[in-house]
Each structure stands twice: as C-alpha cells, then as structure tokens.
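Report on the structure given below.
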Amino acid sequence: MSNKLHFFTFSLAIIFCFIILGTIFSGCAGERKSLEQALESIQAEELSRHVQILSSDEFEGRAPSSPGEEKTVNYLKEEFEKIGLKPGNGESFFQEVEMVGIEADPTARLEIRTKKVVLPFTFGTDFMAWTLRVVEETYLKDSDMVFVGYGIVAPEYNWNDYEGINVKGKTVVMLVNDPGFASQDPNLFKGKEMTYYGRWTYKFEEAARQGAEGAFIIHETEPAAYPWEVVKNSWSGEKFNLETEDNNMSRCAVEGWLHLEAAKIILEASKLNYEEIKALATKPGFRAIPLASSATITLKNSIRHSKSKNVIAVYPGKHRPDEYIIYMAHWDHFGKDPSLEGDQIYNGALDNATGTAALIELAEAFTRIKPRPSRSIAFLSVTGEEQGLLGSSYFAMNPTFPRTKIVAVLNMDALNIFGKTKDIVVIGYGLSELDDYIDRAAKEVGRYVRPDQRPERGSYYRSDHFSFAREGVPALYISSGTDNIEHGEKWAVEQWEKYLMEKYHKPSDEFDPAWDLSGAIDDLRLIFKVGYILSNETSFPNWREGAEFKAKRDAEMGVKEK
C-alpha cells in the first residue's frame, strides 16, 4: 500500500512539473509572439504619416511659443491619449518651460576701428550677433579686441588660453572647435574628436566667466561641421533662452560669429595673418594676442516672455512603475521667417519631425507587449533643442520623476531616410554600459554597432541626450548608419553630406515621398528592443570608468568610491 502511495505521489509530482513547465514554455512563447507583434507594428506607412503632418506648412515650422507649437504639442497629446498612455507630469501631459525670446535688430552694424581705419561689417553677411541679456539695448563701445586662440581653460589638458591676459571689459575673438581637431594629434585633447571645450556654448560661457564684454567665434565650415548659411539661419530672428534670476546679466553683452573672410580682414588690420596665428594657437603654451583694434556695435532688442511646453507621456510598468526608461526627441524647429523670399517656413521634416513621429510609433508598439513591461516607459518630446537644448536641460534639472529612478535615456534626432544599413551608429559609444544593450540587440538581427564616424563634429554635445548626461543620467543618441546595403557606404555618406549642405536648418528640409524609410524602421525596431530589455531588468546601467559624468551619477545613486 505504501509503495502504491509513493508511486501515486510521485506521479502527481511529475504531472505537476509538466504542467508548470508547460505554463512556463507557453508563457515564454506568448511573450516572444507579443514582442514579434510589437516589432512588426512599427511600420513606415504610419511613421511617414506622422512626419508629413508634423512637418506640414500647417504646423508653421514648430517654433517654440508660436501657434505652430500649440498644434504640435496638442497633436502629440492626442496621439498619446489615443494609444492609451498616461500623463507624465501628474495629471498633465505637459511641462511648462518659462522662456524669454530676444530678437536683435538685423540692421545692426559692427564697426572695427584701428588707428587708421574704420571697417564696417554687415549683419548676416559678415557677422551674426545677439545677446542673452534680457535688456532692450546692449552695446560694445570701442571695446579692445583680443585673440584668445580657442578660448579654452582646461586644467586636465594643461591648457589655458586666458593665462596672462586680462580680458575684463574687452572683446575676445576665438577659433571654432578645439586644438585636437586642427592638429590631428591624438595626444592633444582627444585628437580629431571634439571635446565639450570645442562647442560654441562652452566658449561663450568661458568668455563670460573671464569677464569679457564681447565674444566672437570665427566660423570655418570644416571644424564647425556646417556652412555659414546654418549660422545665419540658426541665429536669425527671435532666439530663446530659459528665464534666469539675474536676467542673464552674467553673460557677455554681445555674443556672435564672424565670417571667416571678415575675420581675416580684422586680423590683417592688426598686421596678423589668420593661418599663422591659428597655427600658433594650436600649440601648447599659446598666449593671447591683443589686437590693434576695437569693436563697436549696438543691438536693439525686442523682448518677449513666454511659456513653451515639453510633452511627457508614460506607459506604466507592471512591477516597478516608479522606474523609467525614457525615449526622447525634440519637437521644435525654426518656425517662419517673413523676411525670406519664397518659402518662409522651416518645416524641419528630417530634423526632427522624424524623431518626434518615432515616439508615437514606439509608444504604440509598447502597448502591444503582453504582459506589460516591468518598468515604466516614458516618451519625452522636448522644446527648444534648436535654441540650445533648452527643453531637455529644463527637464533634466526639473524632472517630473526622480533622476535616481531614470534607468536610461535613448535620444532620436533625424532618422535614416536613405534605406537599410548593416550598421547603426551610437553617438557616445564607449561612454556607458548602455553600449552592451545595443550591441546585443544589433547582433540578434545581424547588424553591427559603430561609434560616431565624425567625432570632430561634437555631435554628443549637440543633441538633447547631453542635457541628461550632464546631470549624470546614462544617455545616448542612436543615429543612422552609413553602411548602406543597396548603394554602399560612399553613396550614403554623400547623401548625408548633401543634406547637411543643402537642407539642414533651411526651409528646404521638407518631407519627400521618395524617402526610403526602411532603414529607419530597422533602427526603431532595434531601439525598441534596447528599451524592452532594460524595462524587464532590475539593474541600472552606469557610465564606464573615466566618463566625465560617472561621478555625478554615483553621488546621486549613493555609490561609494572604491
């Protein structure tokens, strides 16, 4: 009897095990099928439809604090609600961002005076100038000029372009990028890879810290990574900044760019040759050179205080809803310019209606996952990227949920419109453990990951993920590959360069039905899988050792130094 009982008990245990295993395998199969359906739902037709709407003339170029903004943010809210997402800022889908818009009178003239001559320069053609100070008028009056090389103070590179010179109340003139790019010396800064010291944002900030009254960067197309037309278009009209307590009075009175030819004329008036002093400035130990000239300019400003909006929607997690993976793209562009002849609307189709539309596609795909992910998935569309990463900076400093609960930020800015590629490019590859996730996702579909192929352009510091990195949150920018399957790499690189020269930040950046979005869809499916993997883990990826953002993240997360 006892043996029969044992046999019966053993049989029940076996049957129970098979039931459990069957349930597990059935569950795994169901999850795989759910993932496949989610990936399959990301389609070019829907992506294209959203891009066409967002970049249509009806949306007026999506400028912050404009009728185009209202149409854009409401469109996003409605689409997220339709999908079934929840508001990401309490009961609201919006986060208000207080801004101040300043527009300088474009009739302003820059006069450079020497002992012998007065050299007049024209706004837009020879120079661009503005102020971040919230004042109706600002000026430089016979401000002594100083050439300060690259305008960099970098102790870790043993570099100080301001050493031995007092520029308080003066106007500094600087080179674009940093010494590593010009020298191509891998031991100087980071070689051809731009550091943050090469960014125009840093140069103006440092000039203000040094007490300069005026600051001008000399434009060169190759080290700047864009032609003069981009400078002219990007800094024309109303420019926005975040509201600050001191009304930005700590900034220089005048900031701007000099066209290369204008800069050469100014230097020649001081009997200096541009190429010669540029070579000097690239060598360690360079010392600033006072110029035999002074700058005079008056900027009369129109000022407008306004509020813009970030859009934030959330698909709540099942088990750890207070932990977030953020997908991000900026919705804004440059709006309208009534002074232009012909087309006056900066539609911003590629930059960045594509990334904004991708948020909707990815959100819809995540709602198909059953069971829902353990962590919450947030979809953040930010304002003011084109004005200097304003919306993302505001959110990163004032997040609607704790930074310590943000697992990762995946940024999208200008998707692939030239077809399928074997590769995908990660801007910031090598900086964080997020690399491991995209490596895994790419390998699963027979693709490979490459770092930024043009690091001298400083792309890591030029898009919204940098706002989060600066606050310590692991973030990367997933960009288009160039190893084109159908046409080859040379062709793909040529297409991107052509876009940069002919359409980037111009009214001609419009939707084209001839775009091949198949590559964009491949990229989005890969990006989806990265977030999906992260959403079902418990770990928090960190920066790699040596990354400049790691110390801040460790401090916020309570990680003790080894």
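The values are calculated or read from the model by the stated rules, or taken from the named source; none is laboratory data. Computed from a prediction, not measured in an experiment: that's the story for all the values here. Heads up, the Cβs are rebuilt from the backbone with ideal geometry, glycines too, and the neighbour counts pull from every protein chain shown.
Restricting attention to region 159-166, does a residue exist that is within 24 Å of residue 427 (Cβ to Cβ) and of a type in the set (Val, Ile, Thr)?
no
Applying the selection to region 374-400, what residues are farther than 13 Å from residue 327 by Cβ, small (Gly, Ala, Ser) and outside any helix (DSSP H, G or I)?
Across region 374-400, the qualifying residues are 374, 384, 388.
Pairs, please: C-beta under 7 Å, at least 6 apart or cross-chain, first residue without any contact (Cβ under 8 Å) to a residue 24 or more places away in the chain and in a strand (DSSP E or B) and in region 409-425, second buried (at least 22 other Cβ atoms within 10 Å of the Cβ) and polar (S, T, N, Q)?
none
Among the residues of region 211-247, what is the count of those that are farther than 18 Å from residue 387 by Cβ, assigned to a loop (DSSP other than H, G, I, E, B) and under 20 Å from the mean Cα position of the chain (by Cα)?
2
Return a yes/no flag: does region 294-310 have any residue that is within 29 Å of residue 154 (Cβ to Cβ) and in contact (Cβ under 8 Å) with a residue 12 or more places away in the chain.
Checked against the condition, which is being within 29 Å of residue 154 (Cβ to Cβ) and in contact (Cβ under 8 Å) with a residue 12 or more places away in the chain, region 294-310 yields at least one hit.
Name the one entry in 335, 348 that is more than 18 Å from residue 99 (Cβ to Cβ), in contact with a Ser or Thr (Cβ under 8 Å, 6 or more places away or on another chain) and not aromatic (Phe, Trp, Tyr).
Of 335, 348, the one residue that is more than 18 Å from residue 99 (Cβ to Cβ), in contact with a Ser or Thr (Cβ under 8 Å, 6 or more places away or on another chain) and not aromatic (Phe, Trp, Tyr) is 348.
Can you name every one of the helices (runs of 4 or more DSSP H) wholly within region 473-562 that holds 2 or more residues which are of a type in the set (Gly, Ala, Ser)?
518-535, 550-557
With the condition kept exactly as written, say whether any residue in region 216-226 is assigned by TED's automatic domain parsing to the domain that holds residue 135, under 25 Å from residue 507 (Cα atoms) and among the polar types (S, T, N, Q).
yes
Answer yes or no: is there a residue in region 502-514 that is within 16 Å of the chain's Cα centre (by Cα) and not assigned by TED's automatic domain parsing to the domain that holds residue 201.
yes
So which of 188, 267, 272 is touching a residue at least 40 places away in the same chain (Cβ under 8 Å), more than 20 Å from residue 458 (Cα to Cα) and touching a helix residue (DSSP H, G or I) at 6+ places or on another chain (Cβ under 6 Å)?
Among 188, 267, 272, only 267 is touching a residue at least 40 places away in the same chain (Cβ under 8 Å), more than 20 Å from residue 458 (Cα to Cα) and touching a helix residue (DSSP H, G or I) at 6+ places or on another chain (Cβ under 6 Å).
More than 24 Å from residue 359 (Cα to Cα) and modelled with pLDDT of 95 or more: which single residue out of 520, 441, 492, 547 fits that description?
Being more than 24 Å from residue 359 (Cα to Cα) and modelled with pLDDT of 95 or more holds for just one of 520, 441, 492, 547, which is 492.
Give me the pairs: first residue in region 220-238 and closer than 12 Å to residue 176 by Cα, second residue of a type in the set (Ser, Thr, Tyr) and part of a helix (DSSP H, G or I), beta-carbon distance under 9 Å, and six or more apart or on different chains, which are they?
225/459; 226/234
When the residues of region 499-514 are filtered to those that are modelled with pLDDT under 95 and surrounded by fewer than 15 Cβ atoms within 10 Å (Cβ to Cβ), which remaining residue is nearest to residue 343 (Cα to Cα)?
Looking at residues that are modelled with pLDDT under 95 and surrounded by fewer than 15 Cβ atoms within 10 Å (Cβ to Cβ), I get 502.
With outside any loop (DSSP other than H, G, I, E, B), more than 20 Å from residue 532 (Cα to Cα) and charged (D, E, K, R) as the only criterion, which of 450, 440 stands out?
Among 450, 440, only 450 is outside any loop (DSSP other than H, G, I, E, B), more than 20 Å from residue 532 (Cα to Cα) and charged (D, E, K, R).
In region 51-67, which residues are under 21 Å from the mean Cα position of the chain (by Cα) and assigned to a helix (DSSP H, G or I)?
Once the filter is applied, which keeps residues that are under 21 Å from the mean Cα position of the chain (by Cα) and assigned to a helix (DSSP H, G or I), region 51-67 yields 51, 54.
Can you find even one residue in region 85-107 that is modelled with pLDDT under 95 and among the small types (Gly, Ala, Ser)?
Yes, the conditions are met somewhere in region 85-107.
For residue 369, only one of the following conditions fails: (1) aliphatic (A, V, I, L, M); (2) part of a strand (DSSP E or B); (3) more than 30 Å from residue 506 (Cβ to Cβ). What is its number?
Of the numbered conditions (1) aliphatic (A, V, I, L, M); (2) part of a strand (DSSP E or B); (3) more than 30 Å from residue 506 (Cβ to Cβ), the odd one out for residue 369 is (2).
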